[in-house]
Amino acid sequence: MNPEELLQKNVSHQLTAEAHGHDVRVCMGAGCMSLHSDQIKSALTAQVKQHGRDKSCHVKGVGCMGLCAAGPLVSVEPQGVLYKEVTEEDAGEIIDSLNKAPVARLICPTDTPFFQNQMKIVLENCGKIDPERIEEYVNADGYIALIKALTEMTPNDVITQVMRSGLRGRGGGGYPTGLKWTTVAKADGTQKYVICNGDEGDPGAFMDRGVMEGDPHRLIEAMAIAGYAVGADTGYIFVRGEYSMSVKRLRKAIMQAERQALLGKNIFNTPFSFQIEVRIGAGAFVSGEETALIACIEGRRGVPSPRPPYPAERGLWGCPTLINNVETLANIPSIIRNGADWFSNIGTRTGKGTVVFAMTGRVQNTGLIEVPMGTPLREVIFDIGGGVPDGGTFKAVQMGGPSGGCIPEQYLDMPIDFDSLLEIGAIMGSGGMLVIDDSASMVDMAKFFMEFCRIESCGKCVPCRVGTVQMHELLIRFSEGTATERDLVLLEELCDLVRHTSLCGLGQSAPNPVLSTLRYFRHEYMAQIRPDFGANGVDTHESRSTS
Amino acid sequence: MKTVKSAAPSTDNRWRIVDAAMRRLGFQPHALIETLHVTQETFGFLDEDALRYIAATLGVPLSQVYGVATFYRAFTLKPKGAHHTCVVCTGTACHLKGLPEILAALEAELGLSPGGSTPDGKAALMTARCLASCGLAPAAVFDGKMVGNLTSATALKRIRQWVEHES
């Protein structure tokens, strides 16, 4: 198939879409699905039949629409009406109202900051297209970037564009993507691989899931472009075992792409061939670390190995391997389509583009959001997020899950990017954003994350295996109010040791939640120290007199 | 391409599904995790016969097969005893929004703790790291069906229904 033919197919589909008249979109994201949106979709389809509107109305399932708090969500195009908290019983009324005024009691206003203040690149198709149909992705300018790369650009041109765009890895570290691509492209070896890291293990993060389930073709296109740029002919998408829906949709998308000759041998009649396989994780947080992930794909225990050598030089089966996170790759088609300059104009000086957050916890509008880098946290939490519900008071926001840190009120006006967050002891991480109100104890949060790291530690290196257990024990004492001042000293020493001597990112970042809560909420730790148990018998009568 | 080297542990037709999975990946050692996934989906758990058979067929040392099967949380070497399972999400958002209280209530009222089952063995309680349905926290899966905005009362009600219905 040549580019022109693809375009033709694109147009012909557009025509059928127009002929439909109405597009009724039912959110099939994880949040809405758990509220049984699949049954709502069936009910809507049945109503369309009953109303005899099969020809003029098309009901389809789409990826996450973002506002999980108001699910199940249904939208009707071209009117642009969004309905919230829809039930099966509402189906008749919705279909009945298609040519009349919308159903007022179900309307979810979209002129709010939640919808207006977002900017979507990674999630541009999520909630709009049917992820199980390649036609819809093509219709939304899908695979145009791949055609452009293969027919108009050299691999070097592609890398230059990615480099100039300023895109940085969204998996946590923020390493410049173009640089990584260059290293793999320049590495010796005829066999190279591309791996998409979809092992989203942070509790409270579901950004990658949103992309894999809502717009799987985007990843396939991005991986093929990456393969072309670095000289790889095989790609693996490594998906967390818990995401069965992602696996299903990705596999379906790969099959469709193969059928349209967008994957496989000689794509677009060019010498470039590329194939993709899905590999399923089996439940181990540490397997998101890149060397551990490679071990996992090779069928071994997912434990990390010392770096260097970096996977870019010696990765999967000893071959140069490019590993990018889902969100990072999801930016690629837009960058190639619209150019590096377009992308680098978005965001801050050191953080280009947008960032996707899974906003959860004590916040009104829980859900999946995307904002330009540099947006102040206050805007994200209070405008887009709608602030803390039920009259609660904001206390802190935890970013980056068990590897990240918390940010207190005084830093809320700071623009978010990789470096600004690092400065105040937090990390961009993978994008989990947990809002904490004054009802929660920060010691308890630190204990929660440490328990997570203790269980998830693979046990290969001693500092992490033993250190996380000891830190967790100490934190239990703090949460029970039986800690001593010496425990605080021990805790801080251990944090320092584990951080500097662990083998991989899991151990190195495990102390972060403790360090950042100690930095901003030290008084909460102090309040849990038993006043009569001073360190080495030091007189603590002051604290005793106040207790 | 290699063919199936060792005979299946039994004449059970379900082994064909396992064989097909191994064949799809060319009986390569790296097919191990995929094969374990398929075997567990097919049989519900991984017994010693299965581990030995997979090791022999893929040419992977049994110690490595055992190592992999016990390293990952998704694999279990014991059959599931209970008729009903409740998987609670222990993710951050669920923790913050009251999961500890729900767990305490299940323990106090039904003697049900994570990893355990009710005294009559009818309902088992398991935990998941994060079900990625944080918008609905706290969340749990009752016999494969996701329930969001869980409270102690709703959790107790659902599990009591199982226990009482069966007796």
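The values are calculated or read from the model by the stated rules, or taken from the named source; none is laboratory data. The model shown is predicted, which means the values in this text are computed figures rather than measured ones. Cβ atoms come from the backbone with ideal geometry, glycine included; neighbour counts cover every protein chain shown. For the accessible areas, the whole protein counts, side chains as well, though only heavy atoms, and no ligand, DNA or RNA atoms are used. Shrake-Rupley method; radii C 1.70, N 1.55, O 1.52, S 1.80 Å.
Work out, in µm²/s and without decimals, the Stokes-Einstein translational diffusion coefficient of region A:442-527 at 4 °C, 1.567 mPa s, Rh from Kirkwood over C-alpha pairs.
The estimated diffusion coefficient comes to 104 µm²/s.
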Once the other residues with Cβ under 14 Å from the Cβ of residue A:208 are scored (Lys, Arg +1; Asp, Glu -1), what is the net sum?
-> -3
Helix A:216-230 axis, angle to chain A major axis (alpha carbon atoms, nearest 10°) = 80
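Applying 1/(1 + (r/R0)^6) with R0 = 22 Å to the Cβ-Cβ distance of residue A:489 and residue A:465, what FRET efficiency is obtained, to the nearest 0.05? Display every interim value, and only then the final one.
Working: r = 22 Å, r/R0 = 1.01.
Computed FRET efficiency for residue A:489 and residue A:465 comes out at 0.50.
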Which one of B:105, B:162, B:40 has its Cα pushed farthest toward the positive end of the charge dipole of region B:39-167, where Lys and Arg give +1 and Asp and Glu give -1 at the Cβ?
-> B:105
Of the heavy-atom accessible surface of the protein assembly as shown (probe 1.4 angstrom), what whole percent is carbon and sulfur?
-> 51
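For region A:158-237, what does the relative contact order come out to in percent, with C-alpha contacts under 8 Å and a separation of six or more?
Over region A:158-237, the number comes to 34 percent.
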Residue B:10 paired with residue B:165, simple spin-label distance in nm, labels 7 Å along Cα-to-beta-carbon = 2.8
With +1 on the Cβ of every Lys and Arg and -1 on the Cβ of every Asp and Glu, the dipole magnitude of chain A about its Cα centre, in debye rounded to the nearest 20, is 1180
Pairwise FRET efficiency - residue A:390 versus residue A:410, Cβ, R0 = 25 Å, nearest 0.05 = 0.60
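Roughly how many debye, to the nearest 20, is the charge dipole of region A:326-392 about its Cα centre, given +1 on each Lys and Arg Cβ, -1 on each Asp and Glu Cβ, and no other charges?
Values: 5 positive and 6 negative charges, 33 e Å.
Charge dipole, region A:326-392, about its Cα centre: 160 debye, nearest 20.
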For the protein assembly as shown, give the share of DSSP beta bridges that are antiparallel, in percent and rounded to the nearest 5; count only bridges with both residues there.
-> 50
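For chain B, calculate the relative contact order in percent as a whole number, restricting contacts to Cα pairs under 8 Å that are 6 or more residues apart. Mind dumping the intermediate values first?
Working: 234 pairs, mean separation 29.1, N = 167.
Across chain B, relative contact order equals 17 percent.
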Using +1 on the beta carbon of Lys and Arg, -1 on that of Asp and Glu, and nothing else charged, what's the dipole of chain B about the Cα centre, debye to 20?
-> 500
Note down the nm distance, to one decimal, between modelled labels 7 Å out along Cα→Cβ at residue A:266 and at residue A:519.
-> 5.7
So the angle from the long Cα axis of helix A:326-338 to the longest Cα principal axis of chain A, reported in degrees to the nearest 10, equals 40
Would you mind checking the tilt of helix A:512-526 against the longest principal axis of the Cα atoms of chain A, expressed as 0 to 90 degrees and rounded to 10?
-> 50
